[in-house]
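The values are calculated or read from the model by the stated rules, or taken from the named source; none is laboratory data. In this text the structure is predicted, and so the values were computed from the model without any measurement. Reconstructed Cβ throughout: ideal geometry from the backbone, glycine too, with neighbour counts over all protein chains shown.
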Amino acid sequence: MTATESTGFPRFPRGFVFGAATASYQIEGAHDEGGRGPSIWDTYCREPGRVAGGATGDVACDHYHRYREDVALLRDLGVDSYRFSIAWPRVQPTGTGKANAEGLDFYDRLVDELLANGIAPAATLYHWDLPQALEDRGGWRVRETAERFAEYTALVVDRLGDRVPRWITLNEPFCSSFVGYAIGRHAPGAREGRGALAAAHHLLVGHGLAVRALREAGAKDIGITLNPDRLLPATDAPEDLAAVRRAETLHNAVWFDPLFAGHYPAHEAETWGELADGSYRRDGDLITIGAPLDFVGVNYYRPITIADAPHQDPDPATRTAVDIRAMESWRQDVRHTTMGWPVVPGALTDLLVDLSRRYPVLPPIVITENGSAENDVVAADGQVHDSDRVDYLRDHLHALAAAVEAGVDVRGYYVWSLMDNFEWAFGYDKRFGIVRVDYDTLERLPKDSYRWYRDMIASHKQEHP
Ligand code: GBH
């Protein structure tokens, strides 16, 4: 029996990358320092009733000032790579024009600190914090934002390209478009079907233009992070199966088809009616969007059970987004995290096997987020014994290893998240970290899950010296 078998750790091939992930608005704070301009999340958080407890990212984890301490935590964890995001409004406070040097300086220091500690930076260019000034001109509803995104990307890669070995253009464009513009649970909080569909397309175009800017600057390991969902029908009734098909278009096909198959989904019209014709789409866009990638990032948390629901919203695209969200129904047979999300590790294996079958030209997969929000408590011994999170991570890593075993080309795994942080509309109520953050003192406290992940990485390194 090998060391790994005796410890029960999942096993991965040599060269598999282990990491941890965060995002700028969720951890940085320092919202008005270093010349940073306001983002759509600064605005959204200030609108009454949008975010639980009226929370904002003004201070968050104060990572902007404490990044050295956070990099030390990453070093002790033993990760190969750290996925963070760059705040566009730090680099361009109004989303256009020349770079704000002070903003880039922060990421320059962070990148150097990571490299000095033997950790490979993986930079996400857009994790939802659009400069407010661009939203005022239409945001992702308009093509101009895609063009601005490519210019911003060029400024970033010009400064950091010599030291950042891995790039991610967008994080979960599904959220930036449908959750932001149709469901309204993310900034900018709109409820417009057409706006959301235009946003989806412009995000994809922006991604393609950014890939071009990165390649022109000589960047190598380039990908996009998506959140494909494993969708299960509540029953075998034809209405539920049709609802699953609509949800497939919305959650999966509208992203994977143009990126990896060169066309928009065939069933689009069934989902969005006449809005699918897309006056915002231009000849040549699919070529731009389909620029070859080195990997596809997959964020995975839970499967979604879909049941048909009565349609209420008159706008076909808003209706699909909103109704499908309403269709999520809870399973009674499994544990749920504090997000209310069912814990079904096997669905990760199935999702990945399915994706790789459906898209024969899919590039290698990297899991760019996976983790769980749990009811953490600081015990009498001063520690957080988050055994539910340890179980979640262990079971999902085993499920991932099973996908690799089944022949899926998976190259890495980033846990969400390095530390507790601003969980968007849920504010600070939900804790996803493997490190606890005390929001009064801003002290960091590694949890049991941090130690479990550290030991798992160490055992992998022992097996593959
Ligand atoms: C990821 O989103 C994010 O990339 C990350 O920033 C986040 O902290 C993490 O997961 C944990 O949530 O349908 O209106 O209720 C995961 C996708 C997006 C799923 C928001 C839940 C709620 C929108 N999530 N969504 S709504």
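Taking segment 399-410 only, how many residues are surrounded by fewer than 19 Cβ atoms within 10 Å (Cβ to Cβ) and either in contact (Cβ under 8 Å) with a residue 40 or more places away in the chain or within 14 Å of Tyr300 (Cβ to Cβ) (or both)?
Result for segment 399-410: 4.
Find the residue count for segment 179-195, including only residues that are of a type outside the set (D, E, K, R), closer than 12 Å to Trp140 by Cα and modelled with pLDDT under 95.
Qualifying residue count for the region: 1.
Can you name the residue in segment 250-281 that is touching an Asp or Glu at 6+ places or on another chain (Cβ under 6 Å) and touching a residue at least 60 places away in the same chain (Cβ under 8 Å) and, of all such residues, is surrounded by the fewest Cβ atoms within 10 Å (Cβ to Cβ)?
Among those that are touching an Asp or Glu at 6+ places or on another chain (Cβ under 6 Å) and touching a residue at least 60 places away in the same chain (Cβ under 8 Å), it is Ala276.
Mind checking which residues of segment 347-385 are among the hydrophobic types (A, V, I, L, M, F, W, C) and in a loop (DSSP other than H, G, I, E, B)?
Result: Val361, Leu362, Ala373, Val377, Ala379, Ala380.
If you go through segment 216-231 one residue at a time, do you hit one that is away from the ligand (no atom under 16 Å from the Cβ), assigned to a helix (DSSP H, G or I) and farther than 28 Å from Ala52 by Cα? Write out each step before concluding.
Within segment 216-231, the first condition is being away from the ligand (no atom under 16 Å from the Cβ), and the residues that meet it are 216-222.
Narrowing further to those that are assigned to a helix (DSSP H, G or I): 216.
If we keep only those that are farther than 28 Å from Ala52 by Cα as well, we get 216.
Within segment 216-231, one or more residues are away from the ligand (no atom under 16 Å from the Cβ), assigned to a helix (DSSP H, G or I) and farther than 28 Å from Ala52 by Cα.
Report, by residue number, each residue of segment 161-184 that is within 25 Å of Ala269 (Cα to Cα) and more than 14 Å from the chain's Cα centre (by Cα).
Scanning segment 161-184 gives Phe178, Gly180, Tyr181, Ala182, Ile183, Gly184.
Does Leu250 fit the bill of being of a type in the set (A, V, I, L, M), assigned to a helix (DSSP H, G or I) and within 13 Å of the ligand (Cβ to nearest atom)?
Considered against the rule, which asks whether it is of a type in the set (A, V, I, L, M), assigned to a helix (DSSP H, G or I) and within 13 Å of the ligand (Cβ to nearest atom), Leu250 comes out as yes.
Using beta carbons and a limit of 7 Å, which pairs, at least six apart or on different chains, have the first residue in segment 338-358 and among the charged types (D, E, K, R) and the second one surrounded by 20 or more Cβ atoms within 10 Å (Cβ to Cβ) and at pLDDT 95 or above?
Asp350/Arg230
When the residues of segment 325-373 are narrowed to those that are modelled with pLDDT under 95, within 12 Å of the ligand (Cβ to nearest atom) and touching a strand residue (DSSP E or B) at 6+ places or on another chain (Cβ under 7 Å), which ends up farthest from Asp386 (Cα to Cα)?
So the residue we want is Met327.
So is Arg431 under 18 Å from Gln26 (Cβ atoms) and either in a loop (DSSP other than H, G, I, E, B) or within 13 Å of the ligand (Cβ to nearest atom) (or both) or not?
yes
Restricting to segment 23-49, give me the number of residues that are within 14 Å of the ligand (Cβ to nearest atom), in a helix (DSSP H, G or I) and under 23 Å from Asp440 (Cβ atoms).
5
Of all residues in segment 134-175, how many are in contact (Cβ under 8 Å) with a residue 24 or more places away in the chain and under 24 Å from His251 (Cα atoms)?
18
Of the conditions (1) within 16 Å of the ligand (Cβ to nearest atom); (2) more than 19 Å from Glu423 (Cα to Cα); (3) of a type in the set (A, V, I, L, M, F, W, C), Ala399 fails just one. Which one is it?
Condition not satisfied by Ala399: (1).
Using the structure shown, decide if Asp129 is acidic (Asp, Glu) and within 16 Å of the ligand (Cβ to nearest atom).
On the way: acidic (Asp, Glu): yes; within 16 Å of the ligand (Cβ to nearest atom): yes.
Yes.
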